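Structure first, commentary second.
FYI, it's all coordinate maths here, none of it is from the lab. Note that the structure is a prediction, hence the values are computed from the model and not measured. For neighbour counting, all protein chains shown are included, and Cβ atoms are generated from backbone atoms with ideal geometry for every residue, glycine included.
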Amino acid sequence: MPSSDALHAQDHAAAVDSLPRAHWLQPAWLWGLVPALAAITYPYALKYSYLSTAQADAPTFGLQLFSWAALLWAILVPVIGLYFARVLPGDTHMRRIAYAAVIVPALYVFLGEIQRMFHSPVSDELVWWTLWVIVGAMAVSASQDEVQSNPPPSAARWRAVHGFTAAVITVFVLFHLFNQVVGLWGEEAYTAVQNAGRQIYRTPVIEAILVGLMISQVFSGLRIVWRWGPLRTGTARVMQVAAGNYLAVFIVAHMLSIFLYARTMSAVPTDWSYAVGAPSGLLHDGWGIRLIPHYSWGVFFVCSHIASGIRWMSIQRGMALQRAHRGWLLANAAAVLISVAVLVGILSPSL
C-alpha cells in the first residue's frame, strides 16, 4: 500500500488535473479581492434584512421580499469565497482571502462577542471595515511572494493529534446535531434531549475534557490548513480546508458566547429560549439575525468536515479515488439537508 505522503500527492495531483483553466481570472491579485468585497457587504446585508421589517408594524410584501433577499445574500457570501478558493489560477496568497470570506459568518459573531463583552463604543461595521482593509492590503502585498507549488508535507503528527481528538469529539458533535434537529418537534422535545445529554457532558470533568479537545482541534486544524491555504487544489480539498478554517473560528466564538458571555457574565441559561432567540426570535432581533448564517454554515461544515475525514481514511485503506469522492459528495448533500433542518427548527418561533 502506498505511503500516506504518496497518497496525499496522488490525491492532490488528481484534483489539480481536474480543475478548469480559469484564464480569465487574471491578474489573481485583483480578482482575489472579490471575496473581500463580498465580505465587506455582509454586516450590511444582515442589518438591512433586520431593519426592513423591524421598523414597520405591518411590513409590505416588498419589504419582506427585500429582507429575505438581503438575508440570502449574507448566507451566500461564503459560497463566493469557496468559488474563488477553487478557481483562482496558480498557487497564490490571494486564495487566503477567499478562505477568509468563507469564515465570515463565524468571524462576525466572534468579533461581535468581543465587542459586547468589552462594551466597545466602536460600531461593529467600523471594526469590520478596518479588518478587511487590513486583510486585503496584506494579501495584495504578499501576492507577489513565491508560493511552494508542491503539496505541503503531510505533518503526520499534527494529523494524528487532529484525527484522534476529532474521533472523540465527533460523538458529542453528533449528539449536539441530533439535539438541534429535534428542535423541529418543538421546545419540549428539544429540552428533553438536551437535559438527557447534559447529565453527561455538563459534569465538570467531561466538560473540561471536551473544552480541552476543542482547543486542541482549533490549534492542530489551523496548523494543517494554513499550509494548504495558497495552493490550487480540487473541490474536496478546498472544502476540507474551508471547513477547518470555519470550524476553528466557530468553536472559539461558540465557547466565548456560551462560557463567558451567557453562563459567566450574564447568567443566561443556554436552553431552547437561548437557541431560538426568544422572545423576539432570531429573525426579529438585531443581534440574533447574525446567528442564522453562523449556525447554518456551522452545521454544514461540521458534517462536511467529518465526511472529508472519512473520505481520506477510505482512500488510505485502498478505496478508489472516484468512489471515495462520490461518497463524499453524497455526504455533503446530506449535510445540506441537516443544516436546513436545524435552520428551520431554530427559525420556527420567528415565522
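Structure data summary
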| read-out | value |
| --- | --- |
| Relative contact order computed over the range 203-286 (Cα-Cα under 8 Å; 6+ residues apart), in percent | 22 percent |
| Three-way shape call for the chain based on the alpha-carbon gyration tensor, with the a/c threshold at 1.5 | oblate |
| Over the chain, relative contact order from alpha-carbon pairs under 8 Å, at least 6 apart, % | 23 percent |
| Efficiency of FRET from Cβ geometry, residue 119 and residue 319, R₀ 56 Å, rounded to 0.05 | 0.60 |
| Gyration tensor verdict on the range 225-350 (Cα atoms; rounded if a/c is under 1.5, prolate if a/b is larger than b/c, oblate otherwise) | prolate |
| Environment charge of residue 238, counting only residues whose C-beta is closer than 12 Å and scoring Lys/Arg +1, Asp/Glu -1 | +4 |
| Pairwise label distance in nanometres, residue 199 with residue 69, each label 7 Å out on the Cα-Cβ vector | 5.2 nm |
| Rel. contact order, % - alpha carbon contacts under 8 angstrom, at least six apart, the range 26-143 | 34 percent |
| Segment residue 210-residue 271, extension gain: residue separation times 0.36 nm, minus the distance between their alpha carbons | 20.1 nm |
| Sites residue 130 and residue 41, calculated FRET efficiency, Cβ-Cβ separation with R0 22 Å, nearest 0.05 | 0.90 |
